[in-house]
1. Filter the stretch 124-149 down to residues that are assigned to a loop (DSSP other than H, G, I, E, B) and away from the ligand (no atom under 14 Å from the Cβ) and give me whichever is surrounded by the fewest Cβ atoms within 10 Å (Cβ to Cβ).
2. Can you find a residue that is out of contact with any Ser or Thr (no Cβ under 9 Å at 6 or more places or on another chain) and within 15 Å of the ligand (Cβ to nearest atom) anywhere in the stretch 78-90?
3. In this structure, is ALA29 more than 9 Å from the ligand (Cβ to nearest atom), in contact with a Lys or Arg (Cβ under 6 Å, 6 or more places away or on another chain), modelled with pLDDT of 95 or more and not charged (D, E, K, R)?
4. Of the residues ALA117, ALA159, ALA169, which single one is within 19 Å of GLY233 (Cβ to Cβ), in a helix (DSSP H, G or I) and more than 15 Å from the ligand (Cβ to nearest atom)?
5. For residues that are among the β-branched types (Val, Ile, Thr) and outside any helix (DSSP H, G or I), scanning just the stretch 172-208, find the one that is farthest from the ligand (Cβ to nearest atom).
6. Taking GLY241 as meeting all but one of (1) surrounded by 14 or more Cβ atoms within 10 Å (Cβ to Cβ); (2) at positive phi, write down the number of the exception.
7. Between a residue in the stretch 13-26 that is closer than 16 Å to ASP84 by Cα and any residue that is of a type in the set (Ser, Thr, Tyr), which pairs come within a Cβ distance under 8 Å, given they are 6 or more apart or on different chains?
Amino acid sequence: MLKGKTAVITGGSRGIGAAICKKFAENGANIALLYAGNTQRAEETKAALLGIGVKAEAYQCNVADAAQVADVCKQIIADFGGADILVNNAGITKDKLVPMMKIPDFDSVVDTNLKGAFYMIKQLYPVFMKQKSGKIINISSVSGLMGNPGQTNYAASKAGLIGLTKSVAKELASRNVCCNAIAPGFVATDMTENLSENNALKDHIPMKRFGTPEDVAKLALFLASDQSDYITGEVIRIDGGLAM
Ligand code: NDP
C-alpha cells in the first residue's frame, strides 16, 4: 500500500509510534523515525524495520526544539531523497489538577505535543506542496475532544492539534495534501501502564478493553494510503466507543 513512500514518524521508538513504523514498513514504506532519548528502544525498532526489508533510520530529536526539528528534517530529506507521509505522534503527559500543575509542566506538554507537530509540519510543508501530494497524520486524543480532569495541559495540546489539523488541511487541500487527526482512547503503552489493570476504567469503555498500538497503526495506514485520498481535515476516534 505504501511501496516506495518515505514516512517520517515522530515518537517512533516505542508504543503507538513503533507500531505505526512497523505497519507502514510491512506495507513497503521506508521509515525515518524520531525519538527523544530512548536510543535502545529506537535502535530495536529500527532493527525490526530493517528486518522487514525497508530503509530505516532513527534520529534523536526533541520535537519541542524548533532548531533541532529543522536540522533533522533537512537530514531526513538528504538521507531519503524526500518525504511523502508525516505522522506527528510524539507526545507526553504531565498530569496534575490545576492547583498542583506547575507552569513549566503545562508549557512542556504543549511544547512537545502541539508545537512539536507545528514545527514538523512547517519543515515538510514546502516539500509536500511542491510535489502536490502528501499525507499528514496528527495523533490527538479523546482528551482533546472531551477534556479530562488532571489533564488541562494535555487536553489543551490535543484539542489544539485538532485546530491545527483542520487549518493545515484547508491550506494544503488544493495541493492534494491530506491532513487528518486520530483521537485514540486508552491504548496499552508505557504511557498508560499504570492504568492497564484498572478494571473500573475498562468498564467505562463500551468495548471493555484498552486499544492496542496495532489498532491505531491500522487506522494510520488507512490515512497514509490512497484508500483515504478524499478525506482531509477529519478527526477519527479510535476508542472502543469511549467518547461516543
Ligand atoms: P509512549 O510514552 O509509549 O511513547 C512516546 C513516544 O514519544 C516515544 O517514542 C518518545 O521517545 C517520544 N517522545 C516523547 N517526547 C518527545 C520529544 N520531545 N521529542 C521527540 N520524541 C518524543 O506514548 P504512546 O505510544 O502511548 O503515545 C503516542 C501518542 O499517542 C502520543 O501523542 C499520545 O499523547 C497519544 N495518545 C496515546 C494514548 C494512550 O492511551 N497511550 C491515548 C491517546 C493519545 P523516547 O522513546 O525517546 O522517549
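The values are calculated or read from the model by the stated rules, or taken from the named source; none is laboratory data. Owing to the predicted nature of the structure, the values given are computational and were not obtained by experimental measurement. Using ideal geometry, Cβ is built from the backbone for each residue, glycine included, and neighbour counts are taken over all protein chains shown.
1. To start, the set of residues in the stretch 124-149 that are assigned to a loop (DSSP other than H, G, I, E, B) comprises 132-133, 140-141, 147-149.
If we keep only those that are away from the ligand (no atom under 14 Å from the Cβ) too, we end up with 132-133, 149.
Details: LYS132: 11, SER133: 16, PRO149: 9.
The extreme case among them is PRO149.
2. No, every residue in the stretch 78-90 fails to be out of contact with any Ser or Thr (no Cβ under 9 Å at 6 or more places or on another chain) and within 15 Å of the ligand (Cβ to nearest atom).
3. Details: more than 9 Å from the ligand (Cβ to nearest atom): yes; in contact with a Lys or Arg (Cβ under 6 Å, 6 or more places away or on another chain): yes; modelled with pLDDT of 95 or more: yes; not charged (D, E, K, R): yes.
Considered against the rule, which asks whether it is more than 9 Å from the ligand (Cβ to nearest atom), in contact with a Lys or Arg (Cβ under 6 Å, 6 or more places away or on another chain), modelled with pLDDT of 95 or more and not charged (D, E, K, R), ALA29 comes out as yes.
4. Working: ALA117 fails: more than 15 Å from the ligand (Cβ to nearest atom); ALA159 fails: more than 15 Å from the ligand (Cβ to nearest atom).
Only one candidate passes the filter, namely ALA169.
5. Step one: list which residues in the stretch 172-208 are among the β-branched types (Val, Ile, Thr), which gives 177, 182, 187, 189, 192, 205.
Subset that is outside any helix (DSSP H, G or I): 177, 182, 187, 189, 205.
Numbers: VAL177: 21, ILE182: 8, VAL187: 4, THR189: 3, ILE205: 11 Å.
Filtering first and then ranking leaves VAL177.
6. (1)
7. Correct list of pairs: CYS21/THR45.
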